[in-house]
Amino acid sequence: EYYSLIEEQYPINSVYSTSSKILIIDNSIITGDKDCGSKYMYQFIISLIKSNQSVDYISLNALYDAKYSNILKKLGCMVIYNYPYTISKYLLSNSNTYKSIILSRLDLGEKLYPVCKRYCPKSIIILFTHDISHLRTNCSKTKTIELSLIKKADYSIICSDMEMDYLYKYTDKLIYLP
């Protein structure tokens, strides 16, 4: 199984010292043994923790999933779930907590970018694109929304050479993570 190989590399309850606090917001808990995007995000979280970052993870559905939440917790990632209020209220009550906020995927970035800027104005807002949707769908409306968000974000994480080359026409605030 995918996670058992990872646990060999990272012992249970691994705790790393931290230099800054990062919040990752996604639509749901990541399931790295089920889909590629989650697997990529899981490896990204491992990289952050290994580089002494404190990582908190929150999903829009706020549901607790024992298997996947515990996998993240074993790495040293704080999983925030079952919160009795909205993401907006969570960000407002934690407005000075996070150095960076990573918004996973276009749909979530579109919804939450203004909320993050409003309630956490000192945080660096990073869009984790996973892919550039309008290149795949050839939809002009999606292109407008996507490019606008990528330009507004402090940085965008890009996963492919082709997408990096394409986006440099619009912004240089890109982080390449193949």
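The figures follow:
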{"item": "Enumeration of residues in the range 89-111 that are open to solvent by 40 Å² or more (accessible area, probe 1.4 Å) and part of a helix (DSSP H, G or I)", "result": "Lys89, Leu92, Ser93, Asp107, Glu110, Lys111"}
{"item": "Asp131 being assigned to a loop (DSSP other than H, G, I, E, B) and open to solvent by 20 Å² or more (accessible area, probe 1.4 Å)", "result": "yes"}
{"item": "The range 17-45, subset in contact with a Gly (Cβ under 6 Å, 6 or more places away or on another chain) and open to solvent by less than 80 Å² (accessible area, probe 1.4 Å), residue modelled with the lowest pLDDT", "result": "Ser38"}
{"item": "Single condition Tyr85 does not satisfy, out of (1) surrounded by 14 or more Cβ atoms within 10 Å (Cβ to Cβ); (2) without any contact (Cβ under 8 Å) to a residue 12 or more places away in the chain; (3) not charged (D, E, K, R)", "result": "(1)"}
{"item": "The range 46-74: number of residues that are β-branched (Val, Ile, Thr) and open to solvent by 20 Å² or more (accessible area, probe 1.4 Å)", "result": "0"}
{"item": "Among residues of the range 40-71, those that are over 21 Å from Leu91 (Cα atoms) and among the aromatic types (Phe, Trp, Tyr), counted", "result": "4"}
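The values are calculated or read from the model by the stated rules, or taken from the named source; none is laboratory data. Keep in mind the model is a prediction, meaning the values are calculated, not measured. Note: ideal-geometry Cβ built from the backbone for every residue, glycine included; neighbour counts use all protein chains shown. We work out accessible area using only protein heavy atoms, side chains counted, and drop any ligands, DNA or RNA first. Shrake-Rupley method; radii C 1.70, N 1.55, O 1.52, S 1.80 Å.
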